[in-house]
Structures are given as C-alpha cells and as structure tokens.
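A short reminder: the numbers here are calculations on the coordinates, not readings from a lab. Because the structure is predicted, anything quoted here is derived from the model rather than measured. Here Cβ is always computed from backbone atoms with ideal geometry, including for glycine, and neighbour counts include all displayed protein chains.
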Amino acid sequence: DTGVSQDPRHKITKRGQNVTFRCDPISEHNRLYWYRQTLGQGPEFLTYFQNEAQLEKSRLLSDRFSAERPKGSFSTLEIQRTEQGDSAMYLCASSFSADTEAFFGQGTRLTVV
Amino acid sequence: QKEVEQNSGPLSVPEGAIASLNCTYSDRGSQSFFWYRQYSGKSPELIMSIYSNGDKEDGRFTAQLNKASQYVSLLIRDSQPSDSATYLCAVRGGTDKLIFGTGTRLQVFP
C-alpha cells in the first residue's frame, strides 16, 4: 500500500531561486490538495485539483506560486524567486472524492537562506 | 472571524484522564469534519471523521458533532503520554476545500 508521496523531503535554496516540489497521490484519488504550514499554525490552504482541473487557488497566494496536475495523477508546486518568507512545510493531501477523507504525505520542508 | 477556531492550548491532562478538544466553524454549509493528529516535525495523520450530528466512537476516540451550534469536539479516553501532540480540526465547507484550525497542543503527563 502506497500512501501520498512527496519529493523532496527537504530543500534548502538561496533567495531568488526557483524550486519545484512533486506530489504523488494515493492511486485512484481524484482530489489533490496543497497546503503550507509554518511553526505553530495549522495547514494553510494553497490550491486543489479535481483530476487535472485546478478548482481553486487561495487569494493569499502570490503569483510566484503555480501548481499543475497535467494528467490527473501527480502534481507539482513551483515557487519562483523564492523569498525567506516562503520557508515552511509544504504539504500535499489526496482524497478519493469531494466528501471523503484526505490523507497527507510526509511534506517537503523548504528553507530559504 | 476565522473559518475554523481552536484553542491553541496547551491542554495538560494526567495519564488515564479524558482529554476534551473543541472546535467551532463559521460555514453553516459545512458537511464533513475531521480530526488530525500531528507530532512535532511530522505531517498530519487522520484519526477521525464525522459527517452527521451525534457521536462517533473509534477505540479511545470519540468525535462529537453539533451542526446547529457549529461545534465539533474530540474526546480521548484513557489518555497516554504518546497522545501528546497537536490536534487539528478540519472542516470541508461549501467550496469543498478542507480548512484547518490552528490546532490544540495536548500534553499528557505521567
């Protein structure tokens, strides 16, 4: 049984660089969510997909963030021109449908120096 | 008003006691409610889901939902030190996205 997989687990990057994270959801899960979490806070919604369609993107999300799910399977989250404030844990979750339980991957911890 | 509110804690309970964690939400159209446990430095782990009013029990955990009061709670019976973690309440509202509270930190002391 394979759960949600995220890669890489850790990323250290210099300010101004671009980074890309990958998420592989549980097989047959149509919904895929991206969240960001900083210390002492709950996961903050970034965006989510139903198959390959991006249904919603947080209004708080900068234009430097973009996400794709080209074939309705894995998804990528790209951050362009990273800033120190982007340092956080980036979490991916998937669910079978709109009203079923969502399961998280291990997360990608980003540190911008 | 935040969409999902939780007391940040810490909530400290002795080993063997019942821990009661509470959550309120603002979207009356919300249909699905979840509790996740998160250990420091780890990702959230689903422990309970509840969809209808009333109680739902699973082992030492009981989730309670009251849609009229927009309130959901989690009871942990016979609390163990290994239950010490942050408990996140999550609500799926009318837009179908999953919204989280800030979490309640639980400390169970021997």
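Things worth noting here:
- Cα-Cα separations in region B:1-109 greater than 25 Å, expressed as whole percent: 15 percent
- Alpha-carbon Debye profile of chain A, log10 I(q)/I(0) at 0.19, 0.20 Å⁻¹: -0.94, -1.04
- For q = 0.09 Å⁻¹, Debye-computed log10 I/I(0) when each Cα of the protein assembly as shown counts as one equal scatterer: -0.36
- Peptide A:7-18 is shielded by partner chain Cβ atoms: per residue, an average of 0 of them sit within 10 Å of its Cβ.
- Annotation: for a label point projected 7 angstrom from Cα along Cα→Cβ of residue A:66, residues of region A:4-39 with backbone N closer than 16 Å are A:17-22.
- For chain B, averaging the sequence separation of C-alpha pairs within contact (under 8 Å, six or more residues apart) and dividing by the residue count gives a relative contact order of 38 percent.
- Sorted by Cβ density within 10 Å, fewest first, the residues A:66, B:43, A:75: A:66, B:43, A:75
- Peptide B:12-21 - average C-beta neighbours from other chains (10 Å radius): 0
- Relative contact order for chain A: 37 percent, from Cα pairs under 8 Å spaced at least 6 residues apart, divided by residue count.
- Listing A:113, B:13 from fewest to most neighbouring C-beta atoms within 10 Å gives A:113, B:13.
- Neighbour counts of other Cβ atoms within 10 Å put B:55, A:63 in the fewest-to-most order A:63, B:55.
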